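> The structure follows.
The values are calculated or read from the model by the stated rules, or taken from the named source; none is laboratory data. Worth saying up front: this structure is predicted, and the values here are computed from it rather than measured. Note: ideal-geometry Cβ built from the backbone for every residue, glycine included; neighbour counts use all protein chains shown.
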Amino acid sequence: MIVAPKIRGFICTTAHPDGCAKHVAEQIAVVRNRGPISNGPRKVLVIGSSTGYGLASRIAAAFGTGAATIGVFFEKSGDSEKCATAGWYNSAAFENEAAAAGIYARSFNGDAFSDEIKAEVIAAIKEDLGQVDCVIYSLASPRRTHPKTGETFRSVLKPIGQSYTNKNLNTNTGVVDEVTIMPAENNDVAETIAVMGGEDWEMWIDALLAENLLAPGVQTFAYSYIGPDLTWPIYKNGTIGKAKEDLERVQRALDEKLAPLSGKAWVSVNKALVTQASSAIPVVPLYISLLYKVMKEHGTHEDCIEQADRLFRDRYTDPQPDELGRIRLDDWEMDPKVQQPVIANWHNVNTENLAGLADIDGYQSSFLRLFGFGLEGVDYDADTDTAMKIPSIL
Ligand code: NAD
């Protein structure tokens, strides 16, 4: 099949298998070019491993430290007439590259929130790895069915208490206008915490502890975001921010549970980046395109892979926690020398001057690359195998 991008709002409904493979290969090359990572993890479970930060974490662990990885994700397979999701093709490419390099990789496609997937992963760790020494928790999901009650919760991106109006970018048309988001109502806050908070992270760690599958010195990481105060009403102080606060509650609880193993739980505050999850948040894409412009000018721009590489290369043995005990991979984003021009540009930006003040081309190309489009060396006019399988899920 010949595959072209089909964009619907903030999602692309097609994905290119060879383009996704190239995207994965480029991320592997970033890590390899920096040389081997010493003292990184050896056996890693990545929950949410098929796209964005989780995929980058899996790549950095495997190709930086040579770690065996088990990946968990929720993706759709394709056939000869229908594309799979990008995360499916990414995972197929990752496994092929890992096999070529002689690195163990096994993947599970299903609902990470369910008891069934946890049981399958636990059986695989027992069978193949014995224990894991690192667990990355990198889920971004719009809903969660609770494994004990069967209740389904939905996460929403809303301010709390009052509506929020700010500039907004239509990333397809390049039009800057204004958006007003109505405040959370009913159970919005509790439901968002139930989906994106820490309960499921704790359930994973409890399940692994109960089966003695965590190695001495184990470290577990969940990813969070803070950002500048102009986004706080929709992010840090909004429904999603409450869920991120809940991650920090669970991080402290996990620290106690892991202490007998000399283990450690971390919340890692990462940089704002174009991913499938972040492109759905109002206001944030405009901020990201202004941020990319300044960070590229400063030479400090990173993508998910550079962030994940820095986590394992620099912070795994020297975490440099902030005053609240969090790892800060957003340090270069939050540098005042970056924030000052970004915020000044935020106040000035409009549709007419967008191309000068923001890296809109960078935003759009990063977005397309998430789905395997616009990668150098890929023949987009050629037939491609949309039915591509993931070797360990055959
Ligand atoms: P993403 O959409 O690229 O990745 C989400 C992953 O979760 C995918 O692998 C997907 O398959 C998996 N997933 C979703 N629902 C699942 C389910 N029910 N079962 C199994 N797997 C499931 O998102 P991302 O931006 O990489 O976000 C990952 C984490 O990083 C989130 O916690 C997010 O808040 C955080 N974060 C993101 C940014 C950013 O700017 N993108 C910044 C800081 C922190």
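> Taking Asn186, is it touching a residue at least 24 places away in the same chain (Cβ under 8 Å), out of contact with any Pro (no Cβ under 7 Å at 6 or more places or on another chain) and farther than 25 Å from Trp266 by Cβ?
no
> Another one. Being polar (S, T, N, Q), more than 13 Å from the ligand (Cβ to nearest atom), at pLDDT 95 or above and farther than 30 Å from Thr171 by Cβ: is that true of Thr300 here? Working first, answer last.
Details: polar (S, T, N, Q): yes; more than 13 Å from the ligand (Cβ to nearest atom): yes; at pLDDT 95 or above: yes; farther than 30 Å from Thr171 by Cβ: no.
No, not satisfied.
> Which strands (runs of 3 or more DSSP E) does segment 112-201 wholly contain that include 2 or more residues that are more than 16 Å from the ligand (Cβ to nearest atom)?
Correct list: 132-137, 164-170, 175-181.
> If I go through segment 262-297 residue by residue, how many of them are touching a helix residue (DSSP H, G or I) at 6+ places or on another chain (Cβ under 8 Å), more than 13 Å from the ligand (Cβ to nearest atom) and among the charged types (D, E, K, R)?
The total comes to 3.
> Counting just the residues of segment 109-129 that are without any contact (Cβ under 8 Å) to a residue 40 or more places away in the chain and of a type outside the set (A, V, I, L, M), which one comes out surrounded by the fewest Cβ atoms within 10 Å (Cβ to Cβ)?
It comes out as Glu127.
> OK, next. Condition (residue is touching a Phe, Trp or Tyr at 6+ places or on another chain (Cβ under 6 Å), surrounded by fewer than 19 Cβ atoms within 10 Å (Cβ to Cβ) and closer than 30 Å to Asn168 by Cα) applied to segment 84-99: is it met by at least one residue?
No, that holds for no residue.
> Please specify each residue of segment 168-180 satisfying the condition of being buried (at least 17 other Cβ atoms within 10 Å of the Cβ) and at pLDDT 95 or above. Break it down stepwise before answering.
Residues of segment 168-180 that are buried (at least 17 other Cβ atoms within 10 Å of the Cβ), as a first pass: 168-169, 171, 176.
Val176 - this is the single residue of segment 168-180 that is buried (at least 17 other Cβ atoms within 10 Å of the Cβ) and at pLDDT 95 or above.
> Which residue is surrounded by the fewest Cβ atoms within 10 Å (Cβ to Cβ), if the candidates are limited to segment 289-326 and must be over 15 Å from the mean Cα position of the chain (by Cα), of a type in the set (A, V, I, L, M) and not in a loop (DSSP other than H, G, I, E, B)?
Among them, the one singled out is Met295.
> Next question, about the same structure. Looking at segment 215-246 only, could you name the residues that are in a loop (DSSP other than H, G, I, E, B) and more than 24 Å from Leu55 (Cβ to Cβ)?
Within segment 215-246, Pro228, Trp232, Pro233, Ile234, Lys236, Asn237, Gly238 meet the criteria.
> Report, ordered by the first and then the second residue, all pairs with beta carbons closer than 7 Å, sequence separation of six or more or different chains, a first member in segment 54-80 that is free of Cβ contacts under 8 Å to residues at least 24 places away in the same chain, and a second member that is surrounded by 24 or more Cβ atoms within 10 Å (Cβ to Cβ) and not in a loop (DSSP other than H, G, I, E, B).
Lys76/Trp88
> Could you pull out the residue among Val378, Val342 that is in contact with an Asp or Glu (Cβ under 6 Å, 6 or more places away or on another chain) and either under 30 Å from Gly64 (Cα atoms) or within 16 Å of the ligand (Cβ to nearest atom) (or both)?
Result: Val378 is the single residue among Val378, Val342 that is in contact with an Asp or Glu (Cβ under 6 Å, 6 or more places away or on another chain) and either under 30 Å from Gly64 (Cα atoms) or within 16 Å of the ligand (Cβ to nearest atom) (or both).
> For segment 16-65, what are the residues that are within 18 Å of Ala215 (Cβ to Cβ), crowded, with 24+ Cβ neighbours inside 10 Å and of a type in the set (Gly, Ala, Ser)?
Once the filter is applied, which keeps residues that are within 18 Å of Ala215 (Cβ to Cβ), crowded, with 24+ Cβ neighbours inside 10 Å and of a type in the set (Gly, Ala, Ser), segment 16-65 yields Ser57, Ala61, Ala62.
> Follow-up question, since we're still on this one. In the set Arg326, Arg310, which member is in contact with a strand residue (DSSP E or B) (Cβ under 9 Å, 6 or more places away or on another chain) and within 16 Å of the ligand (Cβ to nearest atom)?
Details: Arg310 fails: in contact with a strand residue (DSSP E or B) (Cβ under 9 Å, 6 or more places away or on another chain).
Unique residue meeting the criteria: Arg326.
> Residue under question is Asn39, and the condition is that it be over 18 Å from Ile393 (Cα atoms), more than 13 Å from the ligand (Cβ to nearest atom) and touching a residue at least 60 places away in the same chain (Cβ under 8 Å); does it hold?
yes
> So, in segment 370-394, exactly how many residues are out of contact with any Lys or Arg (no Cβ under 8 Å at 6 or more places or on another chain) and either at pLDDT below 95 or outside any loop (DSSP other than H, G, I, E, B) (or both)?
Going through segment 370-394 one residue at a time, the tally reaches 4.
> Can you tell me which residues in segment 132-145 are surrounded by fewer than 16 Cβ atoms within 10 Å (Cβ to Cβ) and of a type outside the set (Ser, Thr, Tyr)?
Within segment 132-145, Pro142, Arg143 meet the criteria.
> I would also like to ask the following. Given the structure, is Ser77 farther than 30 Å from Ala190 by Cβ and within 15 Å of the ligand (Cβ to nearest atom)? Quick ask: steps written out before the conclusion?
On the way: farther than 30 Å from Ala190 by Cβ: yes; within 15 Å of the ligand (Cβ to nearest atom): yes.
Yes: the conditions hold for Ser77.
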